[in-house]
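What follows is a short report on a single structure.
The values are calculated or read from the model by the stated rules, or taken from the named source; none is laboratory data. Just so it is clear, the model here is predicted, and its values are computed rather than measured. FYI the Cβ positions are ideal-geometry reconstructions off the backbone, even for glycines, and counts take in every protein chain you see.
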Amino acid sequence: MNRKSQLYSDQWLPYSIGLLAIFALAVSACHPGSSSGVGVSSNTIVAAEYARLSDSVQLTTREKRQKFKQGFVYVTKVVDGDTFWVEDGEKEVKVRFIGIDAPEARNAGKKKKGYFGKEASAYVKALTKYRWVRLETDIQERDRYKRFLAYVYLEDGTFLNAHLVENGYAVVDTHPPNVKYVDLFVKLQRDAKMGGLGLWRME
């Protein structure tokens, strides 16, 4: 990154953090944190986002190549609560999270905007956009739309698919043969529903 771009990014960083602080307060009202060991507390979002923005400015090309060699991919765009785009060092790939389905964040064709869709999309964006993640595959690697199917892990080891179900940002949506973690997802959904978390608050 050249000096001009560096200065531009540094100037905007404080404004970004201020907006993120407001977002975190809103999220904390509906996200009490995780107890199963597969999630992260919403109170960490501002700190994580600050680190994300700083890293995206400071990481060198050489360091990025090293991350790719370590098996990480870089999230470049979040579509919604269960889909994002990543860079793997050679190309960009659209990734669909295995075993879960988040509500639609907006009307798109035959799909209609769903309850808690915007919240789910914003939450995934806060945790993953411009950050490094690991992807784990199952039996089937592509769906009929040619999207790459994966279980997603944050850098700190958080199992994102499970974390979203656990906190009511997504529901179980398993399609054989990709059923590796279906029992875990079903258990976490049952607990989230009983606790009235996220999208389950409407029932």
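A quick yes/no check of all residues on (1) surrounded by fewer than 18 Cβ atoms within 10 Å (Cβ to Cβ); (2) of a type in the set (Val, Ile, Thr); (3) under 23 Å from LYS77 (Cβ atoms):
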site: LYS111; (1), (2), (3): yes, no, yes
site: GLY114; (1), (2), (3): no, no, yes
site: TYR123; (1), (2), (3): no, no, yes
site: TYR130; (1), (2), (3): yes, no, yes
site: VAL172; (1), (2), (3): no, yes, no
site: VAL182; (1), (2), (3): yes, yes, no
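Let me confirm something: among TYR145, TYR151, which residue is free of Cβ contacts under 8 Å to residues at least 60 places away in the same chain, in a loop (DSSP other than H, G, I, E, B) and touching a strand residue (DSSP E or B) at 6+ places or on another chain (Cβ under 9 Å)?
TYR145
Does any residue of the stretch 111-130 turn out to be in a loop (DSSP other than H, G, I, E, B) and under 14 Å from the mean Cα position of the chain (by Cα)? For the stretch 111-130, residues in a loop (DSSP other than H, G, I, E, B) and under 14 Å from the mean Cα position of the chain (by Cα): present. Among the residues of the stretch 63-74, are any out of contact with any Leu (no Cβ under 9 Å at 6 or more places or on another chain), under 20 Å from ASP143 (Cβ atoms) and without any contact (Cβ under 8 Å) to a residue 40 or more places away in the chain? Looking through the stretch 63-74, none of the residues is out of contact with any Leu (no Cβ under 9 Å at 6 or more places or on another chain), under 20 Å from ASP143 (Cβ atoms) and without any contact (Cβ under 8 Å) to a residue 40 or more places away in the chain. Does ARG134 satisfy the condition of being part of a strand (DSSP E or B), surrounded by fewer than 18 Cβ atoms within 10 Å (Cβ to Cβ) and in contact with a Gly (Cβ under 8 Å, 6 or more places away or on another chain)? In short, yes.
Evaluating GLU119 against the criteria (1) under 24 Å from ASN178 (Cβ atoms); (2) surrounded by 13 or more Cβ atoms within 10 Å (Cβ to Cβ); (3) modelled with pLDDT of 95 or more leaves one unmet condition, (1). So, ARG134, is that one within 30 Å of ARG65 (Cβ to Cβ) and in contact with a Ser or Thr (Cβ under 6 Å, 6 or more places away or on another chain) or not? Taking the combined requirement at face value, the residue does not satisfy it. Any residue in the stretch 185-202 that is over 25 Å from GLN66 (Cα atoms), free of Cβ contacts under 8 Å to residues at least 60 places away in the same chain and in a loop (DSSP other than H, G, I, E, B)? The answer is yes, given that some residue of the stretch 185-202 is over 25 Å from GLN66 (Cα atoms), free of Cβ contacts under 8 Å to residues at least 60 places away in the same chain and in a loop (DSSP other than H, G, I, E, B). Looking only at the stretch 66-91, which residues are under 15 Å from GLU119 (Cα atoms) and not in a strand (DSSP E or B)? Across the stretch 66-91, the qualifying residues are GLY81, ASP82.
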